[in-house]
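Note sheet for the following structure.
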Amino acid sequence: MSERVPYWRIFAALLMRDVTVARREIGYFLVRTTLQPLLFVLIFGLIMPRMGIVGRAYTTTMLPGILALSLALSAVQAVSLPMVQEFGWTKEIEDRLLAPIANQLVAVEKIVAGAMQGIVASIFVLPIARLIMGPIPGLTFRNVGMLMIMTILSGLAFSAIGLFIGTAIAPQQIGLMFSVIIAPMIMFGCTYYPWRGLDAVPVMKWLVLIDPLVYVSEGLRSALTPAVPHMPEPAIIAALLALAALFTYLGLRSFMKRAMS
């Protein structure tokens, strides 16, 4: 009788396959996910401060938001776009579903792989942004534990969102998603301003809480530039855990519905 292969080894093999594919396409992946954040760094972190339009200290507020944007967009795209392709014209997902593992774990593997890619993108952007903007007042790497917690939870939350989007939205509407969902999420996600700054606009301060990107931006702000007023860390962690759980549930349900159809 052949020995039964443990689920964790099959899961690891699927994950390594996605890591290998991502590594082979690392150039395309980084250009796709980091070009926009780096352009914002160039304009708001270098050109406008030198023109005197914004203060040099603005980089302290902006850097965590730029990293949050890189992480969130990368994690979403790393899961949603392949899901659209694999359930659409390539039908590649059928090979995964035939693996000797529960179909739900195939979807969970996608979430983990997407989170890893989001974290890699933010790590790539950080030194380049620092090089472009120069010294950033208040930037610290002393809160390594909190930084790891925030990046991992943020990556998992947004890759779960990507799973839901990639399996719930029709392939012909995926382009509309980025203009209708992603663009407003960026503008109201506290990437370019701190959430506490919205005390000046009380209504907006509470309305933006429906935007998942707010918690990523504020989480990285609390870890990297703690001197900047930010949302309480327990509230950020609770929100990211809730988002990860909610969209994992919704994503798994949508994934299984597509897999069974």
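When only alpha carbons of segment 200-260 are considered, Rg and Dmax amount to 15.0, 50 Å.
Using the beta-carbon distance between ALA102 and ILE128 and R0 = 51 Å, what value does 1/(1 + (r/R0)^6) give for FRET efficiency, to the nearest 0.05? Working shown, then result.
Details: r = 40 Å, r/R0 = 0.78.
Given R0 = 51 Å and the Cβ-Cβ separation, E is 0.80.
Of the three principal axes defined by the Cα atoms of segment 122-224, the extents in descending order read 44, 34, 26 Å.
Computed 3J(HN,Hα) for segment 15-26, one whole-Hz value per residue from the Karplus formula 6.51 cos²θ - 1.76 cosθ + 1.60 where θ = phi - 60°, is 5, 5, 4, 5, 5, 5, 4, 5, 5, 5, 10, 4, glycine and proline marked x.
More than 22 Å apart: what percent of Cα pairs in the chain qualify?
Percentage above 22 Å: 55.
Note on the chain: GNM, Cα springs under 10 Å; of GLU86, GLU109, GLU25, the largest mean-square fluctuation is that of GLU25. In order along segment 198-204, phi translates into HN-Hα couplings of 6, 4, 6, 10, x, 5, 5 Hz, rounded to whole numbers, per the Karplus curve 6.51 cos²θ - 1.76 cosθ + 1.60 with θ = phi - 60° and x for Gly and Pro. For the chain, the mean residue ellipticity at 222 nm estimated from helices alone is -23000 deg cm²/dmol, where every DSSP H run of n ≥ 4 contributes -39500 (n - 2.57) and the total is divided by all residues, rounded to the nearest 500. For the chain, modelled as a GNM whose springs connect Cα atoms under 10 angstrom apart, the maximal fluctuation among ILE66, ILE161, ILE169 occurs at ILE169.
GNM, the chain, Cα, under 10 Å: largest mean-square fluctuation among ALA113, ALA244, ALA102? With Cα springs under 10 Å in the chain, the top fluctuation among ALA113, ALA244, ALA102 is at ALA102. Per residue, the convex hull around the alpha carbon atoms of segment 156-210 comes to 90 Å³.
Only the coordinates and a few stated rules stand behind these numbers; no lab work does. Since the model is a prediction, treat every value here as computed from it, not as a measurement. When we count neighbours, we look across all protein chains shown, and the Cβ atoms used for this are built from the backbone with ideal geometry, even at glycine.
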